[in-house]
């Protein structure tokens, strides 16, 4: 994944954990996976895979990663608002 979106493995590892990523990086990951942003907003992994495919450890891991990406994408606008407000408060304080 890291190579396909021109990022380092530590960056991808950081994103996979409950951390933040820039929208630009998330967008590259989504493109690297060959999906559209709108696809993540409306479909769960469980809707795509057959019940027998869900049992493999690899599949469970991918489902977890997909769900994390969905949460990161959903929370990105909230994080941006928070950062803008924080920046505004800091500028007003100086």
- Considering every residue within region 68-79, establish whether at least one is touching a helix residue (DSSP H, G or I) at 6+ places or on another chain (Cβ under 6 Å) and modelled with pLDDT under 80. no
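Being within 21 Å of residue 15 (Cα to Cα), under 14 Å from the mean Cα position of the chain (by Cα), modelled with pLDDT of 75 or more and exposed (fewer than 14 other Cβ atoms within 10 Å of the Cβ): is that true of residue 31 here? Show your work before the answer.
Values: within 21 Å of residue 15 (Cα to Cα): yes; under 14 Å from the mean Cα position of the chain (by Cα): yes; modelled with pLDDT of 75 or more: yes; exposed (fewer than 14 other Cβ atoms within 10 Å of the Cβ): yes.
The answer is yes for residue 31.
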- Task: Among the candidates 21, 2, 53, single out the residue that is under 10 Å from the mean Cα position of the chain (by Cα) and at pLDDT below 80.
- Result: 21
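The values are calculated or read from the model by the stated rules, or taken from the named source; none is laboratory data. Owing to the predicted nature of the structure, the values given are computational and were not obtained by experimental measurement. Reconstructed Cβ throughout: ideal geometry from the backbone, glycine too, with neighbour counts over all protein chains shown.
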